[in-house]
Amino acid sequence: MSQHSKAVKALSAAALALSLTVTGCSDTSWGAECGGVRMPAGVYINQVLSAYSSGLGELDNSEETNPWKNTVNGEDFTAWVRTRTQDNVYSYFAAEKKFEEMGLSLDELTQAQIDYSVEAQWAYYQSTYEENGIGKESFRKAIENTYKRSAVFEAIYGEGGSEEVSQEELLEKFNQEYISMDRVSLSFLTTDGTLPQEDIDKLMEKAKGYQQRIEKGEEIQAIAEEYQKEQEEEKAEDSASGTTTPVENVNTALVLPREGSSYSATFMENVTSATPGKPIVFEDDSSVCLVIVNEVTEESEIFLQNVDYLLSDMKSEEFEQRLIEWGKELGVSFNSSAVSRYEAKKLKITKQ
């Protein structure tokens, strides 16, 4: 980073610090206030912990184990966590305010989900939270806030929302970024390495036979079940005779990202160039693959199962930034005594 960039970032940070409304108060039972509503200290500390945890996942230097000696996007970790904490507070108040303004409510089912989430997580993390000043009621408020912001998100971007994202847009995103397929993998790996080439050739012949049967109308799921049964029978026979068997590796439904997949380049090249609905056979690094790439439509089960994820992936970052901006417009004031007392570095679960 150039000295000019560093100077600009320092000036920006200073300007931000001066723009915040900070209230001096020896009472540290609350961390911030908005419209006469005070954020309990436990809820504020939760925002600090959230900021700290987020920062750990974005450290610039993976070799530096002490986060306080590290940076995030070139910014000192301590300063980054402070800013993220402030943004979390803005986002919290904005979600509460928008939830109220939109006339939203949490139904009985959602309340039950909140109750379950609180009890389940509290049972596991109680000692950690209490050691850092977060009581169960504060923890519940934090959980409720996540459900409220989800409700606001849906009211804006969901079906019938003020800025509804259409099914067509979501489907386009799915097909641009993901590929759905059914696959049968005929592995040539063994517990000792790989099968001889002549046995691999036999697997290729078997796969091509399966391909022809599918082209004549058989379902790939039935083929997969047949091969699975054969593998189990061979494994039982080989175990009895003491011989080595191929490692069982049979899969059917599979959805992969078109970029960044952990599957081999050979596998991805074959499936991304395949014609939807037509079975293909090819040899991968560890198996002979029989694959049918699926044509995904708005009625496809795999699409309908992932609508919420696709919407979140498309709009969550934008939504979070909007919450922060809305929060900054609400006149939030911070309790300087609480901010100082509950600095991330002073909490008990952080790395020093």
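The values are calculated or read from the model by the stated rules, or taken from the named source; none is laboratory data. These figures come from a predicted structure and were not determined experimentally. Methodologically, a virtual Cβ is constructed for each residue, glycine included, from the backbone with ideal geometry; neighbour enumeration extends over all protein chains shown. When the accessible area is computed, the model is the full protein with side chains, heavy atoms only, and any ligands, DNA or RNA have been set aside. Shrake-Rupley method; radii C 1.70, N 1.55, O 1.52, S 1.80 Å.
Sort out which residues of segment 301-335 are assigned to a helix (DSSP H, G or I) and open to solvent by less than 40 Å² (accessible area, probe 1.4 Å), and write them in order of number. PHE303, VAL307, LEU310, LEU311, PHE319, LEU323, ILE324, GLY327 - these are the residues of segment 301-335 that are assigned to a helix (DSSP H, G or I) and open to solvent by less than 40 Å² (accessible area, probe 1.4 Å).
Pairing residues of segment 109-128 that are among the β-branched types (Val, Ile, Thr) with residues that are open to solvent by less than 80 Å² (accessible area, probe 1.4 Å), at Cβ distances under 7 Å and at least 6 apart in sequence or on separate chains, gives THR110/TYR147; ILE114/ILE143; ILE114/GLU144; ILE114/TYR147; VAL118/PHE139; VAL118/ARG140; VAL118/ILE143; THR128/ILE349.
Tell me which residues, restricted to segment 88-102, are open to solvent by less than 60 Å² (accessible area, probe 1.4 Å) and under 14 Å from GLU154 (Cβ atoms).
Applying the first criterion (open to solvent by less than 60 Å² (accessible area, probe 1.4 Å)) to segment 88-102 yields 88-96, 98-99.
ALA95, LYS98, PHE99 - these are the residues of segment 88-102 that are open to solvent by less than 60 Å² (accessible area, probe 1.4 Å) and under 14 Å from GLU154 (Cβ atoms).
Screening segment 105-130 for residues that are of a type in the set (A, V, I, L, M) and surrounded by 14 or more Cβ atoms within 10 Å (Cβ to Cβ) and picking the one that is farthest from PHE319 (Cα to Cα) gives VAL118.
May I ask you to list the residues in segment 153-167 that are in contact (Cβ under 8 Å) with a residue 60 or more places away in the chain and in a helix (DSSP H, G or I)?
Taking segment 153-167 as the starting set, the residues that turn out to be in contact (Cβ under 8 Å) with a residue 60 or more places away in the chain are 153, 156-158, 165, 167.
Selection gives PHE153, ILE156, TYR157, GLN167.
In segment 125-158, what residues are of a type in the set (Lys, Arg) and touching an Asp or Glu at 6+ places or on another chain (Cβ under 7 Å)? Scanning segment 125-158 gives a single hit, LYS148. Against the conditions (1) at pLDDT below 95; (2) among the aliphatic types (A, V, I, L, M); (3) more than 30 Å from PRO196 (Cβ to Cβ), LEU254 satisfies every one except (3).
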